[in-house]
C-alpha cells in the first residue's frame, strides 16, 4: 500500500514537473517572439532617454567626427542642419554628414536620436576600409534631398540593429551606399522612405537585411547597381513606385537591378537574394533587370503584385548602356517557391529559370515571342510550371510531369511542346560584357567630373549619382588620406 501511495505521489510530482517545464518553454518562446516582434517594429524616439545634445548648423560640417580611433556615444540627440553644395564630397567622402567615422575608426552608437535637415546631409556615415560603425536601438530622420539614413562608402562597414529610419527628401535611401561600397548588415527595425527616387535600399555594396520592415512610398523598394548585392532574410518589403526620377526607363518596378555605366560601379554580376518574408509591389513590375548580369534567388517568399498590368520579371533594354547590348541577363532560382506572374525577356536579354524544391510557377514566358530572346527553363522533378498563356522559350529541361499546359501552347526553339514529354536542354551562357563601360569620373575630390552626369533612378540629372563599388582601392579622401 505504501508503495502504491509512493508511486501516486511520484507520478503527480513528475506530471507537475513536466507542466512547469512546458510552461517555462512556452514563456521562453513567447518572450523570444515578443523580443523579435519588438526588434522588427523598431524603437521610437520617446523610448530613448536623452542625456545630452550635439548640434551642428554649419555647411559641410559634422556634428560628430571620429577618425582613426575607437569611440562610443549613447543617449544623445544629434541635430544637423546646413548644406553641402559639393555633392561628390558628401556622397562619396562624407562631407556634411551628421555623424562621420573614417580612417579605420570604430564607432559605437546606442540609444541615439539623429535628425538632419539639409542638402546632402546624410545621418550616419562610415567611410573607408577598416572603418566600422555599430549602431543600435536608435531613431534617424532626414528631411533634405540627397540625405540617406545609413551611408557606407570606400569599403567601410556598417552594422545596424533595431533602428527606426525615416527619410522624406528626394534621392534619400534609408540604407544607402556609394562609391567604393562596403559591407552593410541590418537586423530588425523599420525603414521608410517617402521621397522621389528614394528606395529603401540603394546598393553599391554588399548589403544584408534581416527581420525588418522596409517601405517605400514613392520609389523602388530596392535598387542594386553594378557588381554588388542585396540579401533579405525574413523581411517585409512593400514598394510603391509611383513617381520617376529618370526618364530612362518606361517601367515602374519594386526591385531594379542595373548598371548605369556612370563610371562609379564595377562591371560584373549583381545579386539579389530573398529568403522567407514577403514582397508586395503596388505599382508596375516586381523585378526589372537592365544592362547587367544578375542572379535572383527566391526561397519561400510571399510575392504579391497589386498591379494587374505589371509582370513578375522584365529583362529588357532601357536608357542605360550601349544600345543593342544593354539588355538584362538573369539567372532566376526558385526554391520552395510559389510564384504567379508573367515574364518578359526582350531580344537583347536572356534568362535561365530554375525551379527546384517543389516550386510552382504559374505564368507565361515571353508571350509576345520576342525574336532573338534566349530563354532556358529547367524544372526539377517535383516542381511544376503551369502555363497561363502561350509561351516561347529556346531550351527546356524537364521530366514528364513538370509542365501543365493548362490549355495553352509552349514553343521550345520554335517547336510545339507536347505535354508529358521529357526534354533535355542547355542553359544560356551569361557573359558580363565590359563593352560600353566608362572609367571613373575624372577630377580630384572637390572637382566635378567633366561632362553631364548620367540620369539614375535615385538622382536627377544635375545631381551626383549614388555611387558604386569599383575595383581596387577606395578613392582617397579630400585631405589625401586613404
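The values are calculated or read from the model by the stated rules, or taken from the named source; none is laboratory data. It should be emphasised that the depicted structure is a prediction, and the values quoted were computed from it without experimental measurement. Neighbour counts run over all protein chains shown; Cβ positions are idealised from the backbone, glycine included.
Computed quantities for the displayed model
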read-out	value
Total residues in region 380-412, condition under 16 Å from residue 340 (Cα atoms) and in a strand (DSSP E or B)	8
Matching residues, region 45-58, being more than 28 Å from residue 129 (Cβ to Cβ) and at pLDDT 95 or above	48, 49, 50, 51, 52, 53, 55, 57, 58
Those residues of region 81-104 which are in contact with a strand residue (DSSP E or B) (Cβ under 6 Å, 6 or more places away or on another chain) and more than 18 Å from residue 178 (Cβ to Cβ), in sequence order	81
Filter pass, residue 148 being within 19 Å of the chain's Cα centre (by Cα), in a loop (DSSP other than H, G, I, E, B), assigned by TED's automatic domain parsing to the domain that holds residue 52 and over 22 Å from residue 59 (Cβ atoms)	no
Scope region 313-338; condition crowded, with 21+ Cβ neighbours inside 10 Å and under 19 Å from residue 428 (Cβ atoms); matching residues	313, 314, 315, 316, 321, 326, 327, 328, 329, 330, 332, 334
Residue within region 321-331 that is in contact with a strand residue (DSSP E or B) (Cβ under 9 Å, 6 or more places away or on another chain) and farther than 14 Å from residue 289 by Cβ present	no
Any hit, region 419-436, residues being surrounded by 12 or more Cβ atoms within 10 Å (Cβ to Cβ), outside any loop (DSSP other than H, G, I, E, B) and at pLDDT 95 or above	yes
Qualifying residue in region 151-161 (condition: surrounded by fewer than 24 Cβ atoms within 10 Å (Cβ to Cβ) and over 23 Å from the mean Cα position of the chain (by Cα))	no
Entirely in region 234-279, the strands (runs of 3 or more DSSP E) that have 1 or more residues that are in the same structural domain as residue 333 (by TED's automatic domain parsing) and under 21 Å from residue 206 (Cα atoms)	253-258, 270-275
Residue within region 61-79 that is at pLDDT below 95 and either assigned to a helix (DSSP H, G or I) or surrounded by 24 or more Cβ atoms within 10 Å (Cβ to Cβ) (or both) present	no
Residues of region 153-164 that turn out to be at negative phi and touching a residue at least 60 places away in the same chain (Cβ under 8 Å), as a count	4
Some residue of region 241-248 being at pLDDT below 95 and crowded, with 22+ Cβ neighbours inside 10 Å	yes
Selection within region 101-120 - in contact with a helix residue (DSSP H, G or I) (Cβ under 6 Å, 6 or more places away or on another chain) and crowded, with 24+ Cβ neighbours inside 10 Å	120
Any hit, region 222-234, residues being over 12 Å from the mean Cα position of the chain (by Cα) and modelled with pLDDT of 95 or more	yes
So residue 188, is it more than 24 Å from residue 117 (Cα to Cα), at pLDDT 95 or above, outside any strand (DSSP E or B) and not assigned by TED's automatic domain parsing to the domain that holds residue 274	no
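A quick yes/no check of all residues on (1) in a loop (DSSP other than H, G, I, E, B); (2) closer than 19 Å to residue 254 by Cα; (3) in contact with a helix residue (DSSP H, G or I) (Cβ under 6 Å, 6 or more places away or on another chain):
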residue: 330; (1), (2), (3): no, yes, no
residue: 333; (1), (2), (3): no, yes, no
residue: 339; (1), (2), (3): no, yes, no
residue: 344; (1), (2), (3): no, yes, no
residue: 348; (1), (2), (3): yes, no, no
residue: 354; (1), (2), (3): no, no, no
residue: 358; (1), (2), (3): yes, no, no
residue: 362; (1), (2), (3): no, no, no
residue: 367; (1), (2), (3): yes, no, no
